Amino acid sequence: MRVTLGDGTVESAAFVATNATVVISATPPPPDTTPPTISIASLRITPDVSDNSGLVASVSWSLDGAAALEATTAPWALDVPLGPLASGPHVASAVAHDGAGNASGAASVTFQK
C-alpha cells in the first residue's frame, strides 16, 4: 500500500486494511508566549591586592559595617548573596593584610539592590 503524506511525499506502508480510511493528523503545540524570568542572585567583588614583599596574607571583608569574610587565598573575592539583603544601598569594604602584620587602608564599593 502507498500512502501520500500531507507534504506530497509518498511512503510505503507495511499494514493491511480492508475498506478502511486512515486519517493521520497532528496538531502543533501552542506557541510559547510566556517570557523567561531572570534575577541576579549574587554579586562577586574582587579586589586588586598587592604587597611590596609579594606576600599578601589575607583580605578582611565587611558588608554594611559587619564582618563578612576573611579571605586567605587569591582572588580574595567576596560573594554577596543578594536575596537576604534589604532593598537600597549597601557598602562592601576590604582591608588587605601582609605577612608582616601590616594592614592597608579600607577600600570600599557601594552597590544598590
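The numbers here are math on the coordinates, done by the rules we state, and not lab data. Note that the structure is a prediction, hence the values are computed from the model and not measured. Using ideal geometry, Cβ is built from the backbone for each residue, glycine included, and neighbour counts are taken over all protein chains shown.
Of the residues that sit in the range 76-106 and are of a type in the set (A, V, I, L, M), in a loop (DSSP other than H, G, I, E, B) and under 24 Å from the mean Cα position of the chain (by Cα), which one is farthest from residue 40 (Cα to Cα)?
In the first step, residues of the range 76-106 are kept if they are of a type in the set (A, V, I, L, M); the result is 77-78, 80, 82, 85-86, 91-92, 94-96, 100, 103, 106.
This time we only want the ones that are in a loop (DSSP other than H, G, I, E, B), so: 77, 82, 85-86, 100, 106.
With the extra rule that they be under 24 Å from the mean Cα position of the chain (by Cα), the set shrinks to 77, 82, 85-86.
Numbers: 77: 17, 82: 7, 85: 12, 86: 14 Å.
Among those that are of a type in the set (A, V, I, L, M), in a loop (DSSP other than H, G, I, E, B) and under 24 Å from the mean Cα position of the chain (by Cα), it is 77.
Give the residue that is surrounded by the most Cβ atoms within 10 Å (Cβ to Cβ), with candidates limited to residues of the range 36-75 that are assigned to a strand (DSSP E or B) and free of Cβ contacts under 8 Å to residues at least 24 places away in the same chain. Even if it seems obvious, please write down each step before you answer.
Taking the range 36-75 and keeping what is assigned to a strand (DSSP E or B), we get 42-45, 56-63, 66-71.
Among the residues that remain, those that are also free of Cβ contacts under 8 Å to residues at least 24 places away in the same chain are: 66-67, 69-71.
Values: 66: 7, 67: 9, 69: 18, 70: 10, 71: 20.
Ranking the qualifying residues of the range 36-75, first place goes to 71.
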